Amino acid sequence: MSEEMKYDLSGVHAVNLKLLKEIDRICRKYKIKYALDSGTLLGAIRHGGFIPWDDDVDVVFTRANYEMFKKVARRELPEGMSFVEPDEYHGGKAFYDFVSRVTYDKSQKFEDSGKMAFYDDKITRLNVDLFILDPLPDKAIPKKITKLLHCVVYGLALGHRWKIQLSDYKGIMKLFVAVLSTVGRLIPFPVIYKLWKALCAKDKNKNTGLYFYTNYAPDYFYVEMKKEWDDTVEEISFEDTKLFIPTGWEYQLTQVYGDYMKLPPKEKQVPEHSDMEIKIYG
């Protein structure tokens, strides 16, 4: 979104706060641990709430806590909010990413298009991204193999996207994506999704001290967390409520943002997760 498309995000933030409060309510009720993540975590630390220009919301669970949330989310969420899993687009045949979401159904952040219709208009809603932490081997070679396998599965899944923009990739990565997505088209997405879930579970019984985000895009596989930093959480004031953050929040923010207290240039202080002024219908 360009500088010219800046607009008042107070309504968007009000809806996103409703979504967060519902997730928090459910998690407190069932004693499920979650934490704010990515830009939402940065907003909590730097702004005491939402980043003023941010139109996105992220939380993170360890795998066991995510599975508990998944079991109760659909029956607990109020009317007008939905729980959407990665295998629920286009009759389970399409891939957008491996992220589950809690959506606010009466909203729109992308212009109507063939792409939005392909994904049943589910990705155009305001939503909270639900990231997942799975165990990561401590040793260098098994760690690299694990991340490489996740890259391969992601590449296969790209074969079931609306379109692949190969121009977004360069050199060997462009060839990697082209080959894997072509092969992936020959494999039904439900099979790839089962393969991804099995890969996420491969180290669950191993004695490892690390987590990584298995449903992040591969660009962010470098982000690793020590288990003790995410197995424990702490409360923080966020807008007019209290939510949870990981005890290792400083390490995470430094990995992703570097000097996280430094504001970006003015031209970068614009919404990045929409292509229109977001509409809220109720």
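Computed from the coordinates by the stated procedures, all read-outs in this text should not be read as laboratory data. Remember, it's a predicted structure, so these values are computed and weren't measured experimentally. Here Cβ is always computed from backbone atoms with ideal geometry, including for glycine, and neighbour counts include all displayed protein chains.
Charge tally around Trp249: other residues with Cβ under 10 Å, Lys/Arg +1 each, Asp/Glu -1 each, net -4.
Backbone phi angles across region 120-131, fed through the Karplus curve with coefficients 6.51, -1.76 and 1.60 (θ = phi - 60°), yield HN-Hα couplings of 6, 6, 7, 8, 8, 7, 4, 7, 9, 6, 10, 8 Hz in residue order; Gly and Pro are listed as x. A Förster distance of 25 Å, applied to the separation of the beta-carbon atoms of Tyr222 and Val191, puts the FRET efficiency at 0.35. Taking every full run of DSSP H in the chain, the ones that stretch at least 18 Å from end to end by Cα along their long axis and average 1.6 or higher on the Kyte-Doolittle scale are 171-184. The Cβ shell under 15 Å around Ala94 holds other residues with a net charge of +1, Lys and Arg each +1, Asp and Glu each -1.
Exposed loop sites were defined as GluC sites (Glu not before Pro) in DSSP loop states (anything but H, G, I, E or B) carrying at most 13 other C-beta atoms within 10 Å; in the chain the longest segment without such a site runs 112-271.
In this structure, the amide hydrogen of Thr62, modeled 1.01 Å from its nitrogen in the peptide plane, lies closer than 5 angstrom to those of Leu133, counting only residues at least 5 positions away or on a different chain.
With the alpha-carbon atoms of region 58-175 aligned to their principal axes, the span from lowest to highest coordinate is 47, 36, 22 Å, starting with the largest. Candidates Tyr260, Phe98, Gly48 compared by Cα position along the dipole of the chain: farthest toward the positive end lies Phe98, with charges placed on Cβ.
Take every Cα pair under 8 Å whose residues are at least 6 apart in sequence, average their separation, divide by the length of region 1-88, and the relative contact order is 28 percent.
Short-range pairs are left out: with C-alpha atoms under 8 Å and at least six residues apart, the relative contact order of the chain is 26 percent. Using the Cβ of Ile132 as centre and a radius below 13 Å, the other residues enclosed give a net charge of -2, where K and R count +1 and D and E count -1. Residues whose amide H falls under 5 Å from that of Ser100, counting only those 5 or more places apart or on a different chain, are Leu130, with hydrogens built in the peptide plane. Per-residue Karplus couplings for region 202-214, computed as 6.51 cos²θ - 1.76 cosθ + 1.60 with θ equal to phi - 60°, are listed in order as 5, 10, 5, 9, 8, 7, 10, x, 10, 10, 9, 7, 6 Hz, Gly and Pro entered as x.
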